[in-house]
1. Which of the residues spanning the range 193-208 are in contact with a strand residue (DSSP E or B) (Cβ under 6 Å, 6 or more places away or on another chain) and acidic (Asp, Glu)?
2. Just to be sure I understand, how many residues within the range 125-177 are closer than 23 Å to PHE198 by Cα, of a type in the set (Phe, Trp, Tyr) and out of contact with any Phe, Trp or Tyr (no Cβ under 8 Å at 6 or more places or on another chain)?
3. Hey, among THR128, THR161, which residue is in the same structural domain as LYS82 (by TED's automatic domain parsing), more than 15 Å from LEU206 (Cα to Cα) and in contact with an Asp or Glu (Cβ under 7 Å, 6 or more places away or on another chain)?
4. Scan the range 115-137 for residues that are among the charged types (D, E, K, R) and surrounded by 10 or more Cβ atoms within 10 Å (Cβ to Cβ) and jot them down.
5. Of the numbered conditions (1) surrounded by fewer than 16 Cβ atoms within 10 Å (Cβ to Cβ); (2) touching a strand residue (DSSP E or B) at 6+ places or on another chain (Cβ under 9 Å); (3) farther than 21 Å from ILE64 by Cα, ALA190 fails exactly one; give the number of that condition.
Amino acid sequence: MKINKNTIGFVVLIVVLLASSVFSLGLFRREMAAHDKLDVNTFPMTMGEWKGKELPITEKEYAILETRNLISREYTNPSGDKLYLLVIYSETNRSVFHPPEVCMMGSGLSITDKQLENFDAGKKSFTTNKLFAEKGPYKEIILNCYKAGDIYTSNFYLQQTRLAVHQIFGQNVPGATLRVSMAAGNDPAATLAILKEFLSRSAVILDKLSS
């Protein structure tokens, strides 16, 4: 029987797809069976002059975020200023991380602008998403970034790729979403400076906890 090139190509394609399916299923099962070593709820309630309190998280929000290894807190300083911190963490499951718009579902805020904000803090460099959000007269500034091992990036897909490559080789590395936000107030530049300092301090603590 004569086998033409199209038939050979088709068979090769089927074999590759089957192999990919088996590999993907194995990786999925390994992710589901693995457990995080770090419970991010051990993150400190006191950050310098800032004192934190837990914010309620609904079952619907847990379902959207696909994990319970997260914190959502309000931090207040002696002047009465308030900022908000969200940390979602996993060493084993990439699906718990989402673009910033997903994490804001249910907040009632509308994103009016999105920019990149790059800055250095100590020996670490950050590339973050700077979001401007509104709800009626209320205006908020948000900094959002993703942890993948020892890097922090604004790029969700870069984080996902870096985590996936490590998982393929059986090396689970810490992954996280960090988001800090605060009312813009009368001095958005001062607000942004506070958010940068708080995010960088949060990253240092998270790195220590996950090391």
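The values are calculated or read from the model by the stated rules, or taken from the named source; none is laboratory data. Predicted model only: the values in this text are computed from it and were never measured. Note that we place each Cβ from the backbone using ideal geometry, even for glycine, and neighbour counts take in every protein chain shown.
1. Answer for the range 193-208, where residues must be in contact with a strand residue (DSSP E or B) (Cβ under 6 Å, 6 or more places away or on another chain) and acidic (Asp, Glu): there is none.
2. So the count comes out to 2.
3. Within the list THR128, THR161, the selection yields THR128.
4. GLU117, ASP120, LYS124, LYS130, GLU134, LYS135
5. (2)
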